Every structure is written in structure tokens, then in C-alpha cells.
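Enquirer: Take a look at the following structure, please.
Every read-out reported here was derived from the displayed coordinates using simple, explicitly stated rules and does not represent laboratory data. Source: prediction; values computed, not measured. With ideal geometry, Cβ positions are generated from the backbone for all residues, glycine too; neighbour counts draw on all protein chains shown.
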Amino acid sequence: MRHRTTGSTARTGIPDRARRFGPRGRAGATAALAVLAVTTAAGCRAEVTGSVPADRPSSPRATASDDGGSAPPPSPTTPAPPSPSSSPPSPTATASPTPKPDPQGRTLMSSGSQGGQVRELQARLRQIGHFDRSPTGYYGTVTVAAVQSFQGKRGLSRTGRTDTLTWQKLLDMTRRPTAGELNPPTTRPVAKPDKRCLTGRVLCISKNSRTLSWMIDGRVRSSMDVRFGSQYTPTREGTFSVYWKSRHHVSTIYDTPMPYAMFFSGGQAVHYSADFAARGYNGASHGCVNVRDEGKIASLFDQVKTGDKVVVY
């Protein structure tokens, strides 16, 4: 059986029988209206929530932090920095060890070095008692021992090499050497010249004082330390003359260098000796007159002429 709806029924959706059945009908209608209101309100909330603009974020949620608590998420407008543990290291990336600097610094001079800086080193070491002879300009075993002695006293590694740290400490403890300290005439006092040396141009060589004096007409122009042959290969004594000069000579018997050689008796000559510069009087020649100072013998070589006299006594 069909019922007609009235205007009020159409507006509320309540069946007309609610009016006809009195209070019980009205109570049921009231309950129906309550359900309808809740349903309509829920639908509105969902519709409003879904219509929030994309550039207007909803309320943020708390996120878990590394220590197990909760930490607020980063601001929507500022990207959060990546967690250190979130990006594992690349398997191919390896840390290259950083080389440690040499605590002694860069090497400036070592065994075999020669020149003006070596001469200054020797002169400075001599000022404070570590080098007991005149500078030679050659870095040999004597200089190595002197540098080791200095390094040991200053708490440095006893390498025997002059590095930047050793050199700076030496500069701090010494003064600039004078010309006389850098180029003393000889280690030992020059002997009184033999009378045969008092006239003409003469290489006057004394075995007693171990010195050579270049003399012109009785005046000493320069002097230098020399050493001689051993008892098995003695240096001949007497009056001779220079018969041959060879600037870059090499011994054909011993295959050793004989720079600035000035031959005066057979195979015996006055020449520079790197071994003499390095070892001093701990060694001996094979009969030649060895000169320790290369600078002095080089200058002498340029002055001496073939035919000049040589006196060994």
C-alpha cells in the first residue's frame, strides 16, 4: 500500500506514519534524524580534509629519532640534511694515508757535497768545537762525524746529514764566519821557507809542516795543507820542475781522479785529492803531493807555468 508524502515529510525524509502513531512514532523519527545528522557531518569533514591545497601541508607528525625518542621532522620549506647513517660509504672509496713530514726537514748537505755552503758549515762547527780543522769545502767522513756530534748534543737524530732543522740550530748558535775563518792559509803554521825557495817562481813544499807555499821572488802568495805518500810509496825529495799540467787527469795506474795535476817527478804530481779532503791525515797518497783545498789548488793551477820550480824538503 502506497502513502502520499506531505511537504514536511519530503523535507525531513520522516515517514508519514510517525505522525499517525503518536509518541512512539515521534521517538523513532527523532532517532532517525540523529543518525542522519551524524552521517552528514562525517561526510562534510572528509570533504573539507580532502580539499586542503597541495602547497599548504597538514599538521606534521612526530618521527623517531636516532636515540629512540621522538624528534620533530624538518621544516617543510627546508630540506632535512641526510642522516650520517642513511648513506653508507662507497665500497670503492678508500682513505689514502697522509704522509707524515720528515721531522728533520729537507736535506741540504750530505756526504759527497762540496762548495761554499759546506765550507761555511765547517767553519760554524769549528766555532763551537765540533770541527777541529780548517774548512775544506768537502763533506767527507770528518764532516759527517762533526755533524753527528752536533746533532747528538742538540737532541736531533744523528744522521750526519745537514738538514734544514740542523742547519737552523747551527745558525742560531754561531755567527757568520769571517773570510779568514772560511779560507785560513793552512791547518798548521807555515814552515820557514827553504833557501832554495827564495828566488824565482817556486812550489815550496815542507814535509815537516805539511804545507805548500806558492812563492814568487821570496814572497809567499798562497799556502795550503798537503799530505804525502806512505813509507811504501814515499814522495821524493829534492828540486824539480813542473813538466806537465793536466786539469782533469785520471791515474792510469790506480784509475783514480787527480784534478789539477802538476807533474814534477815521473808519475808524482801536486794535485787535488777528494780522499784527503774527506779523511784528512788518516790516509796517504801513492807518492803524490795531495792538496786538500780544491779552491786553492784550482787557483794555483791557473798561476803555475810549465817549467816553474818545485822544492820538496
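Enquirer: What distance in nm separates the simple spin-label points at GLU237 and ASP302, each placed 7 Å from Cα in the Cβ direction?
Expert: Going from the GLU237 label point to the ASP302 one covers 3.5 nm.
Enquirer: Under a Cβ-Cβ cut-off of 13 Å, what is the net charge of the residues other than PHE263 that fall near it, where Lys and Arg count +1 and Asp and Glu count -1? Display every interim value, and only then the final one.
Expert: Details: positive: ARG236, LYS245, ARG247; negative: ASP308.
Neighbourhood net charge equals +2.
Enquirer: Mind sorting LEU212, LEU198 by how few other Cβ atoms lie within 10 Å of their own Cβ, fewest first?
Expert: Ranked by crowding around the Cβ, least crowded first: LEU198, LEU212.
Enquirer: Still on this model: Which shape class, rounded, prolate or oblate, goes with the range 263-312 when its Cα gyration tensor gives a ≥ b ≥ c as root eigenvalues, a/c under 1.5 marks rounded, and past that a/b bigger than b/c marks prolate?
Expert: oblate
Enquirer: Pairs LYS153/LYS296; LYS207/LYS309; LYS245/LYS296; LYS245/LYS309: which exceed 22 Å Cα-Cα?
Expert: Check vs 22 Å cut-off fails for LYS153/LYS296.
Enquirer: Just the ratio, please: alpha-carbon radius of gyration of the range 98-170 over 2.2 N^0.38 Å, N its number of residues.
Expert: 1.05
Enquirer: Please order LYS169, LYS192, LYS296, LYS153 by the number of other Cβ within 10 Å, starting at the fewest. Working shown, then result.
Expert: On the way: LYS169 16, LYS192 10, LYS296 23, LYS153 13.
Final ranking by Cβ density, sparse to dense: LYS192, LYS153, LYS169, LYS296.
Enquirer: Amide H to amide H under 5 Å from VAL289: which residues, 5+ apart in sequence or cross-chain, H placed 1.01 Å off N in plane?
Expert: Amide H neighbours of VAL289: ALA269, VAL270, HIS271.
Enquirer: So if each residue of separation counts as 0.36 nm, and I subtract the Cα-Cα distance between SER251 and ARG158, what length gain in nm does that give?
Expert: 29.9 nm
Enquirer: Work through the residues other than GLY295 whose Cβ is under 14 Å from its Cβ and net out their charges, Lys, Arg +1 and Asp, Glu -1.
Expert: Working: positive: ARG119, ARG292, LYS296; negative: GLU120, ASP225, ASP293, GLU294, ASP302.
It works out to a net charge of -2.
Enquirer: Tell me, what HN-Hα J-couplings in whole Hz come from the Karplus equation 6.51 cos²θ - 1.76 cosθ + 1.60 at θ = phi - 60° for each residue of the range 251-259, using x for Gly and Pro?
Expert: My calculation for the range 251-259 gives 4, 7, 8, 9, 6, 10, x, 9, x Hz in order.
Enquirer: Using R₀ = 25 Å, calculate the FRET efficiency as 1/(1 + (r/R₀)^6) where r is the Cβ-Cβ separation of GLN117 and ARG188; round to 0.05.
Expert: With R0 = 25 Å, the Cβ-Cβ based efficiency is 0.50.
Enquirer: So what are the ³J(HN,Hα) numbers for the range 177-191, from phi and the Karplus equation (6.51, -1.76, 1.60; θ = phi - 60°), rounded to whole Hz, Gly and Pro as x?
Expert: Per-residue couplings from phi come out as x, 6, 4, x, 6, 6, 10, x, x, 7, 5, 10, x, 6, 5 Hz.
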